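Novice: Okay, handing you the structure first.
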Amino acid sequence: MATGKTTVARHLAQRLGLEWVDLDELIERRSARTVAQLFAERGEAVFRRLERELLLEELSRAQQNPLIISLGGGALVDRELRVEVLNQAVVVTLTASVDTILARAQRDSTGQMTRPLLAGNDPERTVVRLLAERKDAYREAHGVVATDGRSISELGDEVERIYRDDTVVVAAGEQTYQVYIGAGQISDRLAQLVGSPSGTLLVTDENVAPLYAPRARVALHNLAGAHGEVVLRPGEEHKSLLGLSHIYQGAFQSGMDRKSLFIGLGGGVVTDMTGFAAATWVRGVSWLGIPTTLLAMVDASVGGKTAVDFETAKNSVGAFWQPKGVICDVETLKSESERAFVGALSEVVKTAIIGDPGLMELLEEQADRIAQRDLSLLRQIVDRCVRVKARIVALDERESGIRAHLNLGHTIGHALEASGGYTALTHGEAVSLGLVAALRFGQRRGHTTSDFSARVIQLLKRLKLPHALTRSALQRASSLIAHDKKRAGSSVRFIYARGAGDVWAEPTALTDIENNIALLADD
Ligand SMILES: NC(=O)c1ccc[n+]([C@@H]2O[C@H](COP(=O)([O-])OP(=O)(O)OC[C@H]3O[C@@H](n4cnc5c(N)ncnc54)[C@H](O)[C@@H]3O)[C@@H](O)[C@H]2O)c1
Ligand SMILES: [Zn+2]
């Protein structure tokens, strides 16, 4: 409150030629009361309900014509609403020091603060308390802009830049970060994000280094401080403690300290390993992810999971460690192998089913252009997938609820992947088959219609993903379902889909799946 929202919003509306709505004014018009009266007569809860309702209305109106909306300081304190708004709009928090806020908050003729939340007799204490309470709410935004002592046009420039960047925010309190999605922008984005660390360690692999490391170096070569590079051997078999020790070796030799920055440039193997090395080197340094495969962009870039494998246990040594930012340059997908690229499309289809029916339609309409790796289409696809995952992860950091939906197609998919010794099928191919199996299993339980199954299978086919389930493959996989990491006793939380955007988890007995599995086959 009193950080200059109205002034900055009015200025931006003029500059960008956009309509501007002040939500408090809208509330006052609709309720025919001042905000102060509403608070006094109806209480804060009623005010917040109205505020929420009108905000969602304005956001849906903004789908047609972009709007600038200025919000009261408490509007996005409710986390669920905040995550929804972050998904649909670019959110900028304007901040100011306590003194500035107190100086700017106007008093009425009786000397009372006109802002209802400051109406008590110790406004300074109230401001300090509110700022502390709302710390996460204010940090979870596309940008946080300090306004003290800065001109309107300076502030306008900064907010406009944030608006035009149009990134996806992964809301994680103090660890909130943004995913930049574009084509051909590694150097520029990296230069923008890198800050001024004491040193940088670029980690990549032998396949990616010759293709893209030069672009990263361009952005780093002007930085002061040490610079190290580690080129890992490519592939999952090197996602190990030994591989990790190569990163530590590079960090040690180039003198990386607490203030240094690690940069992981490559597929999910490289970004997972770099993140884990960053989580553990001198008890944790910051890192940036530059994923260069479709899987790493749509899946590994959100959620802060970092790890290496141990023996046959995948990702068993790891940590949650959010990156400081992620850069997805879809141009790098042009050189990805056909098998890896197509395989990852199964995760895209999965994501569409879980949370974006419009994406499902886009995939159906544009399957051929996707195969040709059309850059503008890839950019849209990555953007939409990252948004879905970011929203789910933000709403469920502890993995107790809807995050389980991301496991759609994975219960039987993992078993198929494991029964092929992790070589016959890639993870993506196994997920494609797992999706078909999950939908058919849903059909048997009366949850999924045969129409929806047929629609998904048709899409997988057009994307050149495997979709034929053989009885023998399913039988081989059957006993491995019990190894599911998300198993609870004799049941698993199986994910069912009734249609795009209509997905839920339900405890399902392992014996039910095992007894029916052969019936899911085509033959
Ligand atoms: N952290 C998470 O939440 C999360 C989510 C999903 C998957 N993962 C992990 O991701 C890993 C799989 O990722 P992946 O499929 O990217 O595999 P990968 O990292 O092994 O990359 C696949 C291959 O492609 C090469 N490559 C990468 N980018 C390239 C490019 N642009 N052009 C040409 N070649 C390129 C690599 O060198 C490698 O040989 C697994 O280890 C999995 O556990 C993590
Ligand atoms: Zn997966």
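For every residue, the table says whether it meets (1) more than 16 Å from ligand 2 (Cβ to nearest atom); (2) within 26 Å of residue 334 (Cα to Cα); (3) among the small types (Gly, Ala, Ser).
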site: 180; (1), (2), (3): yes, yes, no
site: 183; (1), (2), (3): yes, yes, yes
site: 186; (1), (2), (3): yes, yes, no
site: 189; (1), (2), (3): yes, yes, no
site: 214; (1), (2), (3): yes, yes, no
site: 220; (1), (2), (3): yes, yes, no
site: 227; (1), (2), (3): yes, no, no
site: 241; (1), (2), (3): yes, no, no
site: 251; (1), (2), (3): yes, no, yes
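Novice: Looking only at the stretch 198-212, decide whether some residue is part of a helix (DSSP H, G or I), open to solvent by 40 Å² or more (accessible area, probe 1.4 Å) and within 16 Å of ligand 2 (Cβ to nearest atom).
Specialist: The answer is no; no qualifying residue exists.
Novice: Of the conditions (1) of a type in the set (S, T, N, Q); (2) within 14 Å of ligand 1 (Cβ to nearest atom); (3) out of contact with any strand residue (DSSP E or B) (no Cβ under 8 Å at 6 or more places or on another chain), residue 366 satisfies every one except a single condition; which number is it?
Specialist: (2)
Novice: Being in a helix (DSSP H, G or I) and polar (S, T, N, Q) narrows it down to one of 351, 306, so name that one.
Specialist: 351
Novice: Those residues that are open to solvent by 10 Å² or more (accessible area, probe 1.4 Å), in contact with a Pro (Cβ under 7 Å, 6 or more places away or on another chain) and more than 8 Å from ligand 1 (Cβ to nearest atom), I need them from the stretch 283-300; list them, please.
Specialist: Of everything in the stretch 283-300, just one residue is open to solvent by 10 Å² or more (accessible area, probe 1.4 Å), in contact with a Pro (Cβ under 7 Å, 6 or more places away or on another chain) and more than 8 Å from ligand 1 (Cβ to nearest atom), namely 287.
Novice: Right, here's the next one. For residue 438, all conditions in the list (1) within 16 Å of ligand 1 (Cβ to nearest atom); (2) open to solvent by less than 10 Å² (accessible area, probe 1.4 Å); (3) aliphatic (A, V, I, L, M) hold save one; what is the number of the exception?
Specialist: The number of the failed condition is (1).
Novice: Name every residue in the stretch 146-165 that is among the β-branched types (Val, Ile, Thr) and in a helix (DSSP H, G or I), in order of residue number.
Specialist: Passing the criteria: 152, 159, 162.
Novice: Out of curiosity, is residue 318 assigned to a loop (DSSP other than H, G, I, E, B), in contact (Cβ under 8 Å) with a residue 24 or more places away in the chain and within 16 Å of ligand 2 (Cβ to nearest atom)?
Specialist: No; evaluated as a whole, the condition is false for this residue.
Novice: Ok, one more. What pairs come out if I take residues in the stretch 199-223 that are under 11 Å from residue 288 (Cβ atoms) and of a type in the set (Val, Ile, Thr) and pair them with residues that are away from ligand 1 (no atom under 12 Å from the Cβ) and assigned to a loop (DSSP other than H, G, I, E, B) whose C-beta lies under 9 Å away, six or more apart or interchain?
Specialist: 200/194; 200/223; 200/225; 200/254; 200/256; 200/260
Novice: Can I ask one more? Please go through the stretch 213-225 and pick out each residue that is open to solvent by 40 Å² or more (accessible area, probe 1.4 Å) and either closer than 17 Å to residue 285 by Cα or in a helix (DSSP H, G or I) (or both).
Specialist: 214, 215, 217, 218, 225
Novice: Hey, among the residues in the stretch 136-164 that are free of Cβ contacts under 8 Å to residues at least 24 places away in the same chain and not small (Gly, Ala, Ser), which one's farthest from residue 86 (Cα to Cα)?
Specialist: 150
Novice: Also, I was wondering about something else. Go through 296, 313 for me and flag whichever is within 13 Å of ligand 2 (Cβ to nearest atom) and of a type outside the set (Val, Ile, Thr).
Specialist: On inspection, the qualifying residue turns out to be 296.
Novice: A follow-up question, please. Taking only the stretch 382-401 into account, find how many residues are without any contact (Cβ under 8 Å) to a residue 60 or more places away in the chain and either within 15 Å of ligand 1 (Cβ to nearest atom) or hydrophobic (A, V, I, L, M, F, W, C) (or both).
Specialist: Count: 4.
Novice: Something else: If I go through the stretch 47-106 residue by residue, how many of them are of a type in the set (D, E, K, R), open to solvent by 30 Å² or more (accessible area, probe 1.4 Å) and over 30 Å from residue 124 (Cβ atoms)?
Specialist: Summing the residues that are of a type in the set (D, E, K, R), open to solvent by 30 Å² or more (accessible area, probe 1.4 Å) and over 30 Å from residue 124 (Cβ atoms) in the stretch 47-106 gives 5.
Novice: Restricting attention to the stretch 465-517, which residues are part of a loop (DSSP other than H, G, I, E, B) and under 24 Å from residue 351 (Cα atoms)?
Specialist: Those that are part of a loop (DSSP other than H, G, I, E, B) and under 24 Å from residue 351 (Cα atoms): 465, 466, 467, 468, 469, 484, 485, 486, 500, 501.
Novice: Quick check, is residue 277 open to solvent by 10 Å² or more (accessible area, probe 1.4 Å), among the hydrophobic types (A, V, I, L, M, F, W, C) and either within 16 Å of ligand 2 (Cβ to nearest atom) or modelled with pLDDT of 95 or more (or both)?
Specialist: No.
Novice: Still on this structure: Counting only residues that are surrounded by fewer than 24 Cβ atoms within 10 Å (Cβ to Cβ), closer than 26 Å to residue 188 by Cα and more than 7 Å from ligand 1 (Cβ to nearest atom), how many does the stretch 301-321 have?
Specialist: Summing the residues that are surrounded by fewer than 24 Cβ atoms within 10 Å (Cβ to Cβ), closer than 26 Å to residue 188 by Cα and more than 7 Å from ligand 1 (Cβ to nearest atom) in the stretch 301-321 gives 2.
Novice: Going through 191, 132 one at a time, which residue ends up being hydrophobic (A, V, I, L, M, F, W, C), within 30 Å of residue 248 (Cα to Cα) and either in a helix (DSSP H, G or I) or without any contact (Cβ under 8 Å) to a residue 40 or more places away in the chain (or both)?
Specialist: Exactly one residue qualifies, and that residue is 191.
Novice: Another question, if that's okay. Has the stretch 138-145 got at least one residue that is open to solvent by less than 50 Å² (accessible area, probe 1.4 Å), within 17 Å of residue 6 (Cα to Cα), hydrophobic (A, V, I, L, M, F, W, C) and not in a helix (DSSP H, G or I)?
Specialist: yes
The values are calculated or read from the model by the stated rules, or taken from the named source; none is laboratory data. These numbers come from a predicted model, not from an experiment. All Cβ positions, glycine included, derive from the backbone under ideal geometry; neighbour counts span all protein chains shown. All accessible areas refer to the heavy atoms of the entire protein, side chains included, with ligands and DNA or RNA removed. Shrake-Rupley method; radii C 1.70, N 1.55, O 1.52, S 1.80 Å.
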